[in-house]
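Notes for the one structure printed next.
The values are calculated or read from the model by the stated rules, or taken from the named source; none is laboratory data. Being a predicted model, the structure only gives us computed values, none of them experimental. Counting neighbours? That spans all protein chains shown, and the Cβs are built from the backbone with ideal geometry, glycine included. Remember, those area values only see protein heavy atoms, side chains included, never the ligands or the DNA or RNA. Shrake-Rupley method; radii C 1.70, N 1.55, O 1.52, S 1.80 Å.
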Amino acid sequence: MKNNVTFGKGILTAIAAWFGSTMGLLLPTLVLLFLLMAVESFSGILVTEKETLDHPDSHKPRHIRSKILMSLYRKTGCILTVLAALSMDFLIHKYAAELGIQADNKTLFGLLVTIWFILNELLSILKNAGCLGAKLPKFLSKSIRKIKNDINRLDS
């Protein structure tokens, strides 16, 4: 068992070192995404707890465990999507060089997908903050929604 843990840590360390040496701008963006994922999960749990306290006689199930699991599944899907986009960037950069095509930008899809998920997390955090009673400035949610729509339009 200890050898499996050590092997897993070694693999993760190698992957993190590779990401750190090849991504430049993308690494801080990924860190921001992971931080926002944690904040969004925590705020979602707080919203679930608040709804339970506000409506104790409601028949809608609001289980913290299911909220955490659903959030974990969604975030795992986001991470897998970012990894797929980064893999595409790597392949494009690697094979463009082999074909003699100059590809100066090492990250394109990975950065765009990461930013798209950051915007999703920000919108979700704002929604959760509103559910918790925070008065949100309209310009903030409108701006984030507009940026997200612009990225979606680029996707089409």
**Asked** What aspartates and glutamates sit close enough to K138 to cross-link, taking a C-alpha to C-alpha distance under 19 Å and skipping anything fewer than 8 places away on the same chain?
**Response** E121, D150
**Asked** Listed here are the pairs K50/K142; K67/K127; K75/K127; which of them are more than 20 Å apart at the Cα?
**Response** K50/K142
**Accessible area of D54 in the full protein assembly, 1.4 Å probe (Å², nearest 10)** = 80
**Message:** Give me, ordered by chain and number, the residues 5 or more places off L108 or on other chains with an amide H under 5 Å from its own placed amide H.
**Reply:** none
**Prompt:** Going from most exposed to least, what order do C131, C78 have by accessible area with a 1.4 Å probe?
**Reply:** C131, C78
**Message:** Heavy atoms only, 1.4 Å probe, whole protein assembly: order T52, T114 by accessible area, highest first.
**Reply:** T52, T114
**Projected label distance in nm at L25 and M88, using a 7 Å step from Cα toward the beta-carbon** = 1.8
**Message:** Could you compute the net charge surrounding S43? Neighbours are other residues with a C-beta less than 12 Å from the C-beta of S43; K and R count +1, D and E count -1.
**Reply:** 0
**Prompt:** Any idea how far apart F34 and K127 come out in nm if each label point goes 7 Å out from Cα toward Cβ?
**Reply:** 2.5
